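Visitor: Encoded as structure tokens, here's the structure I'll be asking about.
Please treat every number below as a calculation from the coordinates, not as lab data. None of these values were measured; they are calculated from a predicted model. Every residue, glycine among them, receives a Cβ derived from its backbone with ideal geometry; neighbour counts consider all protein chains shown.
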Amino acid sequence: MIKFLDLKSTNNRYEADLKNTFQYFLNKGHYVLGEEVSKFETAFAEYCGTKHCVGVSNGLDGLVLILKACMLSGKLSEGDEVIVAANTYIASILAILNAGLKPVLVEPEAATFNINPLEISKSISNKTKAIMVVHLYGQLCNMDAISKISKAHNLLIIEDAAQAHGAYDTVLKKKCGNLGYAAAFSFYPTKNLGAFGDAGAVTTNDKELASKIAKLRNYGKESKYVNAILGVNNRLDEIQAAFLNVKLPYLDEENTIRRAIAKRYLSEIKNDKITLPYWNNTENHVFHVIVLKVEHRKKFETYLKENGIETLIFYPIPPHKQAALKAFEHLSFPITEAIHNKVISIPLNTAIQDKDVTYIINVLNAY
Ligand SMILES: *Cc1c(COP(=O)(O)O)cnc(C)c1O
């Protein structure tokens, strides 16, 4: 069976370094917000091209912290509207709700799966204060168009960068994490930069915002036993930061491997029954996953399974059809719903062998 993703194999190359790192960590005896977190924050800000990075507990918390910090500084107020794609992973919408703001869902572009700038423009009301862009599946949103809308209407851009570490916008000449006011990253183990448990980070060029989030994540602490604001415990674990410091230097190399596999799939899969995803062939995509569309998904899934290929669906149910989001149930998003009914992903990761990619292509072409 060709697994969809085997985390043990993708992390194999780091094993010796990770063991040394753990031994060093153990000997050091400093387990929370130590030098590994600071080192990662400096390195990741530099990687993204931003002035600041604050390590946090996970991607969802990163998004909530950005929104709450914006509320503390008066940039956002309770009940303000935040525009977000209807076909995103539910975390983006949960973050907006958890911060006490109102998600306004809009349709994506059918070709890229990313939020449609025209739909953003149509959904702006006098309560709209922000756009949360989600670079879904690793491909950047149309940030040139969205930046223009944001400037014209004075809206904050918040990036949900959980799937797009290292993607580079060749129009704006900036990297993911540096394409809006602030960005939240997830280092969940399956992400392009994956930790060994939960971890996340926020990047921004605003010093005030970074400093607010650094306080918020640690009980609102100003200095030892002095609490300036109502905070939470959303710190990035020291051990996860240490492991991320081992893996970060290889992120670009791993993204290059992902793009090379994607290039093979996109040029060698030739079957009218399979719709391949759009990509403009630049570094704006880091292929967190590759997403195909088929008409009879169950049949296709079974066929691949019978041929020893594991697949996954991102995502089978759109957020507005989830029991948790009953308030959005009455809304209709035909493009989003069609996407959720047709998408299916085949293995694309840094551990997969060339011969397995060839095999997958042959099986797909014979379908
Ligand atoms: C993974 C993911 C998140 C949440 O990250 P966690 O670290 O699991 O909290 C948010 N948004 C998107 C698009 C994701 O893929």
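Visitor: Would you list, by chain and number, the aspartates and glutamates whose Cα falls below 16 Å from the Cα of LYS273, excluding same-chain residues fewer than 8 positions away?
Guide: Within the straight-line cut-off, LYS273 pairs with GLU295, GLU301.
Visitor: Mind checking which of GLN23, ASN11, LEU97 is farthest towards the positive end of the stretch 1-126's charge dipole, using Cβ charges of +1 (Lys, Arg) and -1 (Asp, Glu) about the Cα centre?
Guide: With unit charges placed on the Cβ atoms, the residue in question is GLN23.
Visitor: Would you calculate the separation in nanometres between label points at GLU253 and THR190, each defined as 7 Å from the Cα along the Cα-to-beta-carbon direction?
Guide: Label-label distance for GLU253 and THR190, simple model: 2.6 nm.
Visitor: Short version: ³J(HN,Hα) in whole Hz for each residue of the stretch 7-16, in order, from phi by Karplus 6.51 cos²θ - 1.76 cosθ + 1.60 (θ = phi - 60°), x for Gly and Pro, what are they?
Guide: 4, 4, 5, 5, 9, 3, 5, 9, 3, 4
Visitor: What does the convex hull of the Cα atoms of the chain come to per residue, in Å³, rounded to a whole number? It would help to have the intermediate numbers written out before the result.
Guide: Details: hull volume 49.2 nm³, N = 367.
Convex hull of Cα atoms, per residue: 134 Å³.
Visitor: Given the options ASN20, ASN284, ASN233, state which has the largest fluctuation in a GNM of the chain using a 10 Å cut-off (strictly under) for Cα springs.
Guide: ASN20
Visitor: Separate question: What net charge is computed for the residues neighbouring ALA45, neighbours being all others with C-beta under 14 Å from the C-beta of ALA45, Lys and Arg scored +1, Asp and Glu -1? Provide the component values of the computation, followed by the final result.
Guide: Details: positive: LYS39, LYS51, LYS174, LYS175, LYS207; negative: GLU41, GLU46, ASP206.
Result for the neighbourhood of ALA45: +2.
Visitor: Here is a follow-up. Note the direction-averaged projected area, equal to a quarter of the hull surface, for the Cα convex hull of the stretch 296-335, in nm².
Guide: Values: hull surface 15.0 nm².
For the stretch 296-335, averaging the hull's shadow over all directions gives 3.7 nm².
Visitor: Within the stretch 40-59, whose backbone N sits under 15 Å from a point 7 Å along Cα→Cβ of LYS207?
Guide: 51-53
Visitor: Turning to a different aspect of this structure: Using the Karplus equation 6.51 cos²θ - 1.76 cosθ + 1.60 (θ = phi - 60°), what ³J(HN,Hα) coupling, rounded to whole Hz, does each residue of the stretch 226-237 give in order, writing x for Gly and Pro?
Guide: For the stretch 226-237, the Karplus-derived couplings read 10, 10, 8, 9, 6, x, 9, 9, 10, 7, 7, 4 Hz, x marking Gly and Pro.
Visitor: Packing-wise, with mean Cβ within 10 Å as the measure, how do 190-201, 217-228 rank, highest first? Walk me through the numbers on the way to the answer.
Guide: Working: 190-201: 22.0, 217-228: 13.3.
Ranked from most to least packed, the peptides come out as 190-201, 217-228.
Visitor: Shifting gears a bit: Can you give me the long-range amide H partners of GLY220? Hydrogens built in the peptide plane at 1.01 Å from N, cutoff under 5 Å, separation of 5 or more residues or another chain.
Guide: Long-range HN contacts for GLY220: GLY231, VAL232.
Visitor: If you don't mind, there's one more thing I want to ask. Over the chain, what is the relative contact order in percent, taking alpha-carbon pairs closer than 8 angstrom and at least six residues apart?
Guide: Values: 734 pairs, mean separation 79.2, N = 367.
The value is 22 percent.
Visitor: For the stretch 20-93, evaluate the Debye formula with one uniform point scatterer on each Cα (no solvent term) and list log10 I(q)/I(0) at q = 0.24 Å⁻¹, rounded to two decimals.
Guide: Here the Debye-derived log intensity ratios amount to -1.17.
Visitor: In nm, what is the difference between 0.36 nm times the number of residues separating ALA338 and HIS30 and their Cα-Cα distance? Present the calculation step by step, with values, prior to reporting the outcome.
Guide: Details: separation 308, 0.36 × 308 = 110.88 nm, distance 5.03 nm.
Length gained between ALA338 and HIS30: 105.9 nm.
Visitor: Further, regarding this structure: Considering only ARG235, ARG258, ARG297, give the residue with the highest GNM mean-square fluctuation for the chain, with springs between Cα atoms whenever their separation is below 10 Å.
Guide: ARG297
Visitor: Moving on. In nm, to one decimal, how far is the modelled label at THR302 from the one at LEU7, with both set 7 Å along Cα→Cβ?
Guide: Label at THR302, label at LEU7, 3.2 nm between them.
Visitor: So what is the relative contact order for the stretch 299-363, in percent, with contacts set as C-alpha pairs under 8 Å and at least six apart? Walk me through the intermediate numbers first.
Guide: Working: 43 pairs, mean separation 25.7, N = 65.
Worked out over the stretch 299-363, it gives 40 percent.
Visitor: Something else now. Please give me, ordered by residue number, the trypsin sites (Lys or Arg not before Pro) of the stretch 37-83 that lie in loop per DSSP and have at most 15 other Cβ atoms within 10 Å.
Guide: Details: sites: LYS39, LYS51, LYS68, LYS75; in loops: LYS51, LYS75.
Passing both the DSSP loop test and the Cβ count: LYS51.
Visitor: How far, in nm, would the chain grow between ARG264 and ASN365 when pulled straight, counting 0.36 nm per residue and subtracting the alpha carbon separation?
Guide: Numbers: separation 101, 0.36 × 101 = 36.36 nm, distance 1.29 nm.
Gain on extension, ARG264 to ASN365, equals 35.1 nm.
Visitor: Could you derive backbone 3J(HN,Hα) for the stretch 257-270 from the dihedral phi with the Karplus parameters 6.51, -1.76 and 1.60 (θ = phi - 60°), listing whole Hz in sequence and x where the residue is Gly or Pro?
Guide: Karplus values, whole Hz, x for Gly and Pro: 4, 4, 5, 5, 5, 4, 4, 5, 4, 5, 9, 9, 7, 10.
Visitor: Now a separate question. For a quick size check, give me the Cα extents of the stretch 246-324 along its three principal axes, largest first, whole Å.
Guide: 39, 38, 27
Visitor: Which of the residue pairs LYS19/LYS175; LYS148/LYS321; LYS299/LYS342; LYS127/LYS151; LYS51/LYS215 have a Cα-Cα distance greater than 20 Å in the structure shown?
Guide: Numbers: LYS19/LYS175 31 Å; LYS148/LYS321 31 Å; LYS299/LYS342 12 Å; LYS127/LYS151 16 Å; LYS51/LYS215 17 Å.
Distance filter (> 20 Å) returns LYS19/LYS175; LYS148/LYS321.
Visitor: Where does the charge balance sit around MET132 when Lys and Arg score +1, Asp and Glu -1, over other residues with C-beta under 9 Å from its C-beta?
Guide: Details: positive: none; negative: GLU159, ASP160.
Residues near MET132 contribute -2 overall.
Visitor: Sticking with this structure for a sec: Quick check: Cα centre of the stretch 258-312 to Cα centre of the stretch 333-351, how many Å?
Guide: Here the two parts' Cα centres lie 9 Å apart.
Visitor: Under 1.5 on a/c is rounded, so check that first for the stretch 42-165, then, if it is not, pick prolate when a/b is larger than b/c and oblate when it is not; a ≥ b ≥ c are the square roots of the alpha carbon gyration tensor eigenvalues.
Guide: On the way: a/c = 1.45, a/b = 1.12, b/c = 1.29.
Verdict is rounded for the stretch 42-165.
Visitor: Nearest 5 percent is fine: what portion of the DSSP beta bridges confined to the chain is antiparallel?
Guide: Values: 24 of 42 bridges.
Among the beta bridges of the chain, antiparallel pairing accounts for roughly 55 percent.
Visitor: With a point put 7 Å past each Cα toward its Cβ, work out how far THR42 is from ASP354 in nm, to one decimal.
Guide: Calculated label separation equals 4.0 nm.
Visitor: Quick one: order LEU348, LEU276, LEU140 by neighbouring beta-carbon count within 10 Å, fewest to most. Mind dumping the intermediate values first?
Guide: Working: LEU348 23, LEU276 17, LEU140 31.
With the fewest neighbours first, LEU348, LEU276, LEU140 line up as LEU276, LEU348, LEU140.
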